[in-house]
Structure formats: C-alpha cells, structure tokens
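Trainee: I have a structure I would like to understand better, so I am pasting it below and will then ask my questions one at a time.
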Amino acid sequence: MTATIDLEVREGVDRETVETVQNMGSYKYGWETEIEMDYAPKGLNEDIVRLISQKNNEPEWMLEWRLEAYRRWLTMTEPKWAMLNYPEIDYQDQFYYARPKSMEVKPKSLDEVDPKLLATYEKLGIPLKEQMILAGVEGASPSPAMDMAIAATEGRRVAVDAVFDSVSVGTTFKEELAQAGVIFCSISEAIREHPELVKKYLGSVVPQSDNFFATLNSAVFSDGSFVYVPKGVKCPMELSTYFRINAENTGQFERTLIIADKGSYVSYLEGCTAPKRDTNQLHAAVVEIVVLEDAEVKYSTVQNWFPGDEEGKGGIYNFVTKRADCREARAKVMWTQVETGSAITWKYPSCILRGDESQGEFYSIAIANNMQQADTGTKMIHLGRNTRSRIVSKGISAGKAQNTYRGLVTMHPRATNSRNYTQCDSLLIGDQCGAHTVPYIEVKNTSSRVEHEATTSKVDDDQLFYCRQRGMDEEEAVALVVNGFCREVLQALPMEFAMEAQSLVAISLEGSVG
Amino acid sequence: MLKIENLHVKLEEEDKQILKGLSLEVPAGQVHAIMGPNGSGKSTLSYVLSGRDGYEVTEGSATLDGESLLDMEPEERAAAGLFLAFQYPVEIPGVGNMTFLRTAVNAQRKARGEEELSSGDFLKLVRTKAAELQISPDMLKRPVNVGFSGGEKKRNEILQMAMLAPRMCIMDETDSGLDVDAMRLVSDGVNALRSPERSFLVITHYQRLLNHIQPDVVHIMANGRIVKSGGPELALQVEQQGYGDLLAEVG
C-alpha cells in the first residue's frame, strides 16, 4: 500500500469491525458491525442537547440554535395526516447520540486502516477504495482487497463522506476538491471551520420550526454532510454520502446542507442502509439545498433502510424533510429517489421555485412490499415567473403494503406563465396491497398551466408468462417488468446508482409473487 | 423428441374439456404441422405444453426426450429446450428488446449450469441473427414488442428462437398477420434453424406457410384430438376442400 493515498479517515474507525454475515435473507445489508459505542443517556432533555453540542465541539451560537429548536419542539405535536399506521413513538426511549469509542485512533494512511473496515465499506458498496486507486495507485494491486476494488470499479470518480451512526467517519478526495474550491466535509466540521457559511444558510430552507420531525432534528442532529460549491465551479466529481445506522435503539438525525453558488453545478448521491433488528429505529433527517443564480444541483437517493420482516416486525421509521430552494433566477434542482426500504416512509422532497425561470424536477420510485407503508411525494412551490416543474412518480406495492403518493403543486399569483407536469403511476403486485394518489393542486394566477396524469395497473400475467417461457423465473420476470415500469426514473439516476437501483428493485420484490 | 400421449385437458375455471385424448410424437429433426378448424384446441395445446396457468391436465402425459414436461415450471421447460413462438407476442413497456433477450439467454444458461454470455459475445451474436431477419438496430433498442407492427413482432419471436437455440420449437400461428415478404423472412429464419437435433411443431390455419416451411408430417386436429395424419399433401387437400369432407370422412 502506498503512502500517496488521499484518504483521511477521521474519527470512529474501529479495530473491532467483525466479519459480516452473508446471506441474511433478502435484505443484504442486514448485518451489524460490533463496535464499542459511546452513548449519551437515553431520552431527550436540554442536557442531552448540550451534550451533543459539546461532543461536536460546537460554538455557543450553535448550541443556542439547537436549544431554541428543542424548546420549540416541546410545543409541537407529531403530524398524523399521512396514511401511515404505526404505534406511538416514545421519544424518551431512544438514544440520541452514539459514536464509536475508539475516537483517538485517527489513521492517516491506508496502512493504518483496519482491512475489516474496508470490507465493511465494500459490503455497503461505498467506493472508498475506488477513490484510492484513482488517487494514485492505479494499476497497482497491493492486496486482495484492492483486487476486489479494481474489479468493482468502473473508473468513475466519486468523493465519499460516510456517516456511521451519528458520526462522519471519513471523507475522500478532500484535497482535490479543495483545489477546485469545493468544500465537502461533515457538518460538524463545517460548523467549526466555516461558521460564516453555516450561519448564513443553516435553517434558511428548512427553518427550525418547520415541522415536528425537522424541529427534532434541529435540536439533536449529530452529523451529516456539508457541501459548498463556489461561483462558477462545476464540481469535478460526484459527491456521495453513505449513511448507516448500526447501534441499537438509536435514532439517527443527520443534517445535510448543500449550497450551490451562482453558476455552479454539483451532483450528489446518498445511500442508506441499516442492520436487521426486530425493534424499530427512528430516523429523522433534514436536507437543505440552496441553489443560487444559474446554479444546478442534482440530488439522488437510494434509500434502503431495513424495511422490517414479512410480519412487519422491526424496520426503520423514516421521517425526512428534504427541500431545495431555487433562490435566484434560472436555478435548477433535480431530486431523484429510489425508496425501497424503511417500515414507514414519510418523505416529500420539495422545490421552492423562487427565482424567475427556475426549474424543479422530482423523479421517484417508491417500492413497498410485505407490511411496508410509504407516504411520499413532493411539493413544487412556484413563486417566480416562468418557473417549470416536472414530477414523475412510480409507486409499486406488493404483499400487504400501502403506498401513497402525496404531492402539492402551487402556483402563486406572481408565478405567471409557469408550468407543471405531473405523471403519477402505480403498479400493484398481488391482491392485498394498496396504492393511493393524493395530489393537491393550487393555481392562483391565470397564465400558468398544470397537468396531472395518473395510472394504476397490475403486473400482467401474460407478461410474466411470456418472460418465463423465455427462461426467467417468476421473480426475475417481475423484476424485469417492474424495472421497465420504472425506466423513466432509473434513467434519471447517475449510471452506477442506476445499476444498484435495478438490482435493489429485484431484491425488494423477492417473495412478492407465487 | 416430443411425445404426447392421451392428453386430456380442461379449463381450470370452468368445466370445459378442451383436449380429449390427444396423442402425438415428433421425432428429432422433423417438422410437424398441426392444422384444424377454429376451436379445435390448437392454441390450448401450445399453452399446456409450455406451462401457462389456467389449464388442468386430467389425464395423459407429455415428455421431452423422456422428461415429463407437465411437472416442470414454465422456465424449467424453457431451459430444457422448449420454445413457444406466441400467436400474440406480449408487449413489455420500458424493457429494451436487447435487455430482454440477454436476460432470457443468461437465465437459461444459468439454469443449465452454463456460464453467462459475455456482453461482447452476446452483442456479436444478436447483431448477426438480427441482420439475418432484417431486424434493425433500432428495433433491438425499442421496448419489447411495443409499437412493433404485426410482422415485426413475429420476426422478433424468430429472433428470440434463434438466440435461445431451443431443441423443440412450437410455433402458434406465426403466419397470422404476415404479408408475403414477412412470411418469407420468417420462413427463412425457421429453415435456417432446421437441424437433425431440432424439431418443430407448426400450428397454422393455412397451407401457405407450409410452402415455405416444408413439413415432414401434417396432422389434422379436431375436437381436442388428432383425427388424421399424413404427408404434406394433406395440407394441400385441406386448402382445396376445407375441413368439412375430411372431418366427415373420419367421423
């Protein structure tokens, strides 16, 4: 292993990463890594908020911001309007902070990195090693792990920030990004190193008081990613964050803030996994994106949190607030999401089209199998003139799952000559699942146009038989037909994510037929 | 190759007997044609052999080289070498024709314990076969059968047959909806596949197709059974006289 490798592993790299378990059933990320953890005491109060802030070495203003959110949260009630059924969540029966114990260990080169940790990343599909290869050891294959990595790489460059439970464990390619002026780091680091940017933009898209879950996040968020792309800079590579919930009974509350300054461009990928457990885990994240004049942001998510078992035991409760603010003229944002995991999904990535001629796009695949429930969609808030938005939603329900598309399109009085096009397709597999579409449309001027198309269909027996006559087994046939149904959205994903998403579709639907 | 004995089949949902003691044997390397009036059970036979849901076999057997077909899943029959060219090929929106072909080819290879075909080998093979059937690169990219003309759909079926290289090919009214040129292309495609190890069962209403694909044996099917078998001249007789006399003759 050479010393030229550009990998900085910060904190939380543990030597005790245990060999992971293969073949744990259809959820292939269901293993857990045995790491000694540091927990804050269970429950939530001002002291916990102070502790989290202190653990992250935050300045006073950040603590005040958190406390303000916490006090606000105490006055709020959990929203119940979504089509979701789940038992009451006891917010005092959660750990709000957990991080690996071996904090002092900060390997500076790959030699010091536990190969087992690398194996963990490999399993997660984190292309960390891909970065290493491209960062200077191209062609060299100094270890079997590296051989695997070479086999896995397609030669694309992606900078990665990995968040393990509450802590960001490593960011790759920082130097090269820094040369381009791009800041890509954990949000806790950004709070310390770039307070002027964080102060200016944090909470400016999703205010502390926005909603119950976002407010909770504002009080207790532990880490997450921060991106700033300066004026006129096209980010030289894709940025990516992989989130993993590992510790038991622990909520994960990450906070992501992306700022694309005038004329800049960035594509950001987000992946999520968690171990299989028979208790539910809470996940309440906030993503804020600020897009300034002529800038463009693409944000892609493959969400594969553990969905619970066939009987609905366990799984992640996913309550996420994601919002992009096209703050200035001709700003452009595109959300693409593939939602296959979580027991409960409550998520509406939204676009505020404030700048004139700004554009928002939302492409979504939501798959719910077994006992999963998904209530997801988007909001397109047209405020500026000549704004455009496009929504393509593909919902797939199987087993006993319930899948709801909930969307809002608003044309404000000032948003003249604006347009929205919505296409909302549902596919049913079997006869015990449900698909629901709840579009809200508000048009407050006379020159704008809103189109909404919706279809609901079943997987056709003739299609399945045709595929099987050609040699595919039933699950392969369903996966193929469903992938066809999702094609428009899959095409909107970056290449490598599209491949992952396609196989995820197949995995998620295992056992849904026959 | 294919041996059907005393096959009785009824519809699963209603008490309606479709095949009533059908027996048929197609030796390796031969082309057999089945002709018969509407409603005689020809399409049912092709579906039962390939394993489509909705039918119940009440009696009899069907084997492929001694292996019982009726106990197998549709995809197992396919991997064993049974291919059905559909009368109405099914559209699969969003799935590229090429992706479909590749998935099918590799699924069968996997089922047989063979290695998957590499992208390069697959592309080479599919391009050669497609060119022979005058299937354009554009048709390979388009979603399976979506927006294909009748002739394109049938040529696409033959392309799948050529790619999957089955040993027992059943063609269910492949000639329906074809113009003269398409018929020649399809027939040339089929004739190119004829070999001593491969057999064909060609279901058709018309003698026309059999001018292009010369059968070894022609069977006449009526009321769920084979009522008469003979050489190619039997097809000509049907063409000239219709089924009336023939059926009266066999009672």
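Trainee: Take A:ASP47 and A:ASN445, extend 7 Å from each Cα along the Cα→Cβ direction, and tell me the distance between the two endpoints in nm.
Mentor: Once both label points are built, they end up 5.5 nm from each other.
Trainee: What quantity of accessible surface, computed with a 1.4 Å probe and excluding non-protein components, is buried in total between chains A and B, in Å² to the nearest 100? Display every interim value, and only then the final one.
Mentor: Working: alone 19800 and 11700 Å², together 29440 Å².
Buried: approximately 2100 Å² between B and A.
Trainee: If you split all Cα-Cα distances of the stretch B:133-237 into 5 Å bins from zero, what percentages do you get per bin, shortest first?
Mentor: Binned Cα distances yield the sequence 2, 11, 22, 22, 18, 13, 6, 3, 1.
Trainee: Going by a ≥ b ≥ c, the root eigenvalues of the Cα gyration tensor, does the stretch B:6-137 fall in the rounded group (a/c under 1.5), the prolate group (a/b larger than b/c) or the oblate group?
Mentor: Working: a/c = 2.01, a/b = 1.82, b/c = 1.11.
Judged from the Cα gyration tensor, the stretch B:6-137 comes out prolate (a/c at least 1.5, a/b above b/c).
Trainee: Return the Cα extents of chain B along principal axes one, two and three, sorted largest first, each rounded to a whole Å.
Mentor: 57, 39, 35
Trainee: Related question: Once Rh is set to the Kirkwood radius over Cα pairs, what Stokes-Einstein translational diffusion coefficient, in µm²/s, holds for the stretch B:31-83 at a temperature of 20 °C and a viscosity of 1.002 mPa s?
Mentor: Working: Rh = 12.1 Å.
The calculation lands on 177 µm²/s.
Trainee: Of the cross-linked pairs A:LYS332/A:LYS444; A:LYS458/B:LYS42; A:LYS458/B:LYS124; A:LYS379/B:LYS141, which ones have a Cα-Cα span greater than 25 Å in the structure shown?
Mentor: Values: A:LYS332/A:LYS444 23 Å; A:LYS458/B:LYS42 29 Å; A:LYS458/B:LYS124 36 Å; A:LYS379/B:LYS141 34 Å.
Table pairs above 25 Å Cα-Cα are A:LYS458/B:LYS42; A:LYS458/B:LYS124; A:LYS379/B:LYS141.
Trainee: Could you sort B:HIS212, B:HIS32 by their accessible area in this structure, using a 1.4 Å probe and putting the largest first? Write down the numbers at each step before the final one.
Mentor: On the way: B:HIS212 65, B:HIS32 5 Å².
Output order, biggest surface exposure first: B:HIS212, B:HIS32.
Trainee: A further question on this structure: For chain B, modelled as a Gaussian network with Cα springs under 10 Å, which listed residue fluctuates most, B:GLY36, B:GLY66, B:GLY177?
Mentor: Among B:GLY36, B:GLY66, B:GLY177, the largest mean-square fluctuation in the Gaussian network model of chain B belongs to B:GLY66.
Trainee: First check a/c for the stretch B:76-207, with a ≥ b ≥ c the square roots of the eigenvalues of its C-alpha gyration tensor; if it is under 1.5, answer rounded, and if not, answer prolate when a/b is larger than b/c or oblate otherwise.
Mentor: Numbers: a/c = 1.60, a/b = 1.18, b/c = 1.36.
Judged from the Cα gyration tensor, the stretch B:76-207 comes out oblate (a/c at least 1.5, b/c at or above a/b).
Trainee: Where does each of A:PHE95, B:PHE83 land when they are ordered by accessible area, with a 1.4 Å probe and the largest first?
Mentor: Working: A:PHE95 40, B:PHE83 5 Å².
From most exposed to least exposed: A:PHE95, B:PHE83.
Trainee: Across 5 Å bins from 0, what is the distribution of all Cα-Cα pair distances for the stretch A:298-428, in whole percents?
Mentor: 3, 12, 22, 20, 15, 11, 8, 5, 3, 1
Trainee: While we're here: Treat the stretch B:84-139 as a sphere of radius equal to its Kirkwood radius over Cα pairs and apply Stokes-Einstein at 4 °C in a medium of 1.567 mPa s; give the translational diffusion coefficient in µm²/s, rounded to a whole number. Write out the running numbers ahead of the final one.
Mentor: Details: Rh = 12.7 Å.
The estimated diffusion coefficient comes to 102 µm²/s.
Trainee: Bin width 5 Å, origin at 0, all Cα-Cα pairs of the stretch A:296-348: what percent of pairs per bin?
Mentor: Here the calculated profile for the stretch A:296-348 is 5, 17, 23, 18, 13, 10, 7, 4, 2, 1.
Trainee: Here's a follow-up. Can you work out the base-10 log of I(q)/I(0) for the stretch A:451-514 at q = 0.16, 0.20, 0.24, 0.26 1/Å, using the Debye formula on its C-alpha atoms alone?
Mentor: Relative scattering, expressed as log10 I(q)/I(0), comes to -0.59, -0.85, -1.05, -1.13.
Trainee: Need one number for the stretch A:364-443: average projected area of the convex hull over its C-alpha atoms, nm². Intermediate results must be reported in sequence, preceding the final value.
Mentor: Details: hull surface 18.4 nm².
For the Cα atoms of the stretch A:364-443, the hull's average projected area reads 4.6 nm².
Trainee: By per-residue mean of other Cβ atoms within 10 Å, what is the highest-first order of A:41-51, B:47-57, A:502-512? If you can, show how the numbers build up before the last one.
Mentor: On the way: A:41-51: 15.5, B:47-57: 17.6, A:502-512: 19.2.
The packing order, highest mean first, is A:502-512, B:47-57, A:41-51.
Trainee: Can I ask one more? Considering only Cα-Cα distances, which of the following residue pairs are longer than 30 Å: A:LYS313/A:LYS394; A:LYS234/A:LYS322; B:LYS20/B:LYS153; A:LYS400/B:LYS154?
Mentor: Values: A:LYS313/A:LYS394 26 Å; A:LYS234/A:LYS322 23 Å; B:LYS20/B:LYS153 32 Å; A:LYS400/B:LYS154 39 Å.
Exceeds cut-off: B:LYS20/B:LYS153; A:LYS400/B:LYS154.
Trainee: DSSP beta bridges in the stretch B:2-250, what fraction antiparallel, as a percent rounded to 5? Before the final figure, lay out the partial values.
Mentor: Working: 25 of 42 bridges.
The answer is about 60 percent antiparallel.
The values are calculated or read from the model by the stated rules, or taken from the named source; none is laboratory data. Remember, predicted model here, so these are calculated numbers, not experimental data. In this analysis, Cβ positions are derived from the backbone assuming ideal geometry, glycine residues included, and neighbour counts consider all displayed protein chains. We work out accessible area using only protein heavy atoms, side chains counted, and drop any ligands, DNA or RNA first. Shrake-Rupley method; radii C 1.70, N 1.55, O 1.52, S 1.80 Å.
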